[in-house]
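A.B. asks: The structure under discussion is supplied below as structure tokens; questions concerning it will follow.
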Amino acid sequence: MCSTCGCGGDDHGQSETEIAPPPHPPHTHGHDHDDAHDPPADPGAAGRRVRVEQELLAKNDRYAAANRQSWEARSILALNLLSSPGSGKTALLVATSRALAHDVKVAVVEGDQQTSLDADRIRATGVAAMQINTGKGCHLDAHQVGHAVESLALADRSLLFIENVGNLVCPAGFDLGEQARVVVLSVTEGDDKPLKYPDAFASADLVVINKIDLLPYVDFNVDRCIAYTRRLRPAVETLCLSATTGDGVAAWLAWLAARRTDLLQARRARLAAELAAVDGALNPPPGATPQP
Amino acid sequence: MHEMSLAESVVEILQEEARRQAFARVRTVWLEVGALSHCDPEALAFCFDVVTRGSLAEGARLEILRTPGQGWCLACSRPVVVARRGDPCDSCGSYQIQVTGGDAMRIQELEVD
């Protein structure tokens, strides 16, 4: 059994994590649910009513809070990247890994239905990567990611990218413990995508519009796309770049550096406050009652 | 189809509550699903039927209580009802709306034996 959370897994140290999807029996009936539920077996006698008041995502949120606490305690900046398949998340992370190779320790968790192709692309840049194969699963959850990160042996003050399964619907509801959520959208997907997939964009701290080198060839209005995004999240930040040509990547690296500086300064302030408290305990002001 | 994960969460919560509140079988589940939550109620109902098979809630009735989305219009500084994310304020037409509620997915009450 896993000693961290009692999840029953014993293979968290392996280089690949296969998370088995739940069994799904063959469909034998239609999907119309107006009247599809069986009544209780004994409808005559009422059962006991009990209050519950439990959030469905409470368990995931507990794992996410534990991840966040663990990463913040070590000044690790964790980012959760969401997008539809093929928008260029991995290309952006490859470009980022190469650019930051000498400055910051970087690690990547890759989520895909199957194969380790994305993790292989990241590892080819010299950066540690861990692939999670979700099988039939459509999103990463905080429990999976917590275990994947354990096996990456992250350095303190490093940068952790979690590349979610390519899907703009399901991953939106699952907090992984990230400090910020980045939604990537490529110009070949259409400028109205934020309105069509609002849940992901409504949860974004930063929206990256990728493949801007293709703008001359597609009907994509950047201003309209940003305006649609702001309908869903008024305070969202946006960046336009091409991970392939490198155009605009400097602004992305500057955004990462600013987030990391904020995290490190917050850590520094906490440590300074603790140091002052310890100094105060060691050298109480004259006249103060000595503490035991 | 993350509703399968959500339905599995329902069963896990029912199992924990069965131990905590000492019941053996669930007849009815009253589940609040906000209009702005990450959940399709019909898909969840389908998945609930699938994942409760062989569990303490096999054959249980799922009563989904839809709650409206709530927001705060930054332009006219008043609370607004938000039917869908991205909709404008119904009094001033602004899209500068901060969602403040109606995104919960919560089991409220059970009928049990």
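A.B. asks: Per-residue mean of other chain beta-carbon atoms within 10 angstrom of the beta-carbon, peptide B:26-32?
C.D. replies: Mean inter-chain Cβ contacts per residue within 10 Å come to 4.
A.B. asks: Further question: Quick one: Cα centre-to-centre distance for the stretch B:70-113 and the stretch B:1-45, in angstrom?
C.D. replies: After rounding, the separation between the Cα centres reads 22 Å.
A.B. asks: Arranged from highest to lowest average of other beta-carbon atoms within 10 Å per residue, in what order do the peptides A:149-156, B:29-36, B:106-113 appear?
C.D. replies: So the peptides A:149-156, B:29-36, B:106-113, ranked by packing, come out B:29-36, B:106-113, A:149-156.
A.B. asks: Next question. Which of rounded, prolate, oblate describes the stretch B:3-112, given a ≥ b ≥ c as roots of the alpha-carbon gyration tensor eigenvalues and a/c under 1.5 marking rounded, otherwise prolate only if a/b is larger than b/c?
C.D. replies: Working: a/c = 3.70, a/b = 2.70, b/c = 1.37.
Prolate shape, in that a/c is at least 1.5 and a/b is the bigger ratio.
A.B. asks: Something else about it: Please sort by residue number the trypsin sites (Lys or Arg not before Pro) in the stretch A:233-292 whose DSSP state is loop and whose Cβ has at most 14 other Cβ atoms within 10 Å.
C.D. replies: Working: sites: A:Arg259, A:Arg260, A:Arg267, A:Arg268, A:Arg270; in loops: none.
Listed in order of number, the matching sites amount to none.
A.B. asks: What order do you get for A:60-66, A:80-86 when each peptide is scored by the mean count of other beta carbon atoms within 10 Å, highest first? Can you show the working numbers first?
C.D. replies: Working: A:60-66: 17.9, A:80-86: 22.1.
With the highest mean Cβ count within 10 Å placed first, the list reads A:80-86, A:60-66.
A.B. asks: Return the average number of partner chain Cβ atoms within 10 angstrom of each residue Cβ along peptide B:54-66.
C.D. replies: 2
A.B. asks: Also, quick follow-up: Relative contact order of the stretch A:58-260: what whole-number percent is it, with Cα pairs under 8 angstrom and at least 6 residues apart?
C.D. replies: Normalised by residue count, the contact order of the stretch A:58-260 is 25 percent.
A.B. asks: Which percentage, to the nearest 5, of the DSSP beta bridges contained in chain B is antiparallel? Walk me through the numbers before you get to the answer.
C.D. replies: On the way: 16 of 23 bridges.
Roughly 70 percent of the beta bridges in chain B run antiparallel, per DSSP.
A.B. asks: Now, a different point. What percent do you get for the relative contact order of chain B when only Cα pairs under 8 Å and 6+ apart count? Mind showing how you got there, number by number?
C.D. replies: Values: 212 pairs, mean separation 40.0, N = 113.
This gives 35 percent for chain B.
A.B. asks: Rounded to the nearest Å, what's the spacing between the alpha carbon centres of the stretch A:214-279 and the stretch A:55-108? Just the number, please.
C.D. replies: Taking the Cα centre of the stretch A:55-108 as reference, the centre of the stretch A:214-279 is 13 Å away.
A.B. asks: Could you give each residue of the stretch B:66-73 its phi-based ³J(HN,Hα) in whole Hz, using Karplus coefficients 6.51, -1.76, 1.60 with θ = phi - 60°, and x for Gly or Pro?
C.D. replies: Whole-Hz 3J(HN,Hα) from phi for the stretch B:66-73: 7, 10, x, x, 10, x, 10, 6.
A.B. asks: Mind listing the long-range amide H neighbours of B:Gln70? Cut-off is under 5 Å, sequence gap 5 or more, other chains count too, H placed in the peptide plane at 1.01 Å from N.
C.D. replies: B:Val82, B:Thr100, B:Gly101, B:Gly102
FYI, it's all coordinate maths here, none of it is from the lab. Model, not experiment: these values are computed from the prediction. Note: ideal-geometry Cβ built from the backbone for every residue, glycine included; neighbour counts use all protein chains shown.
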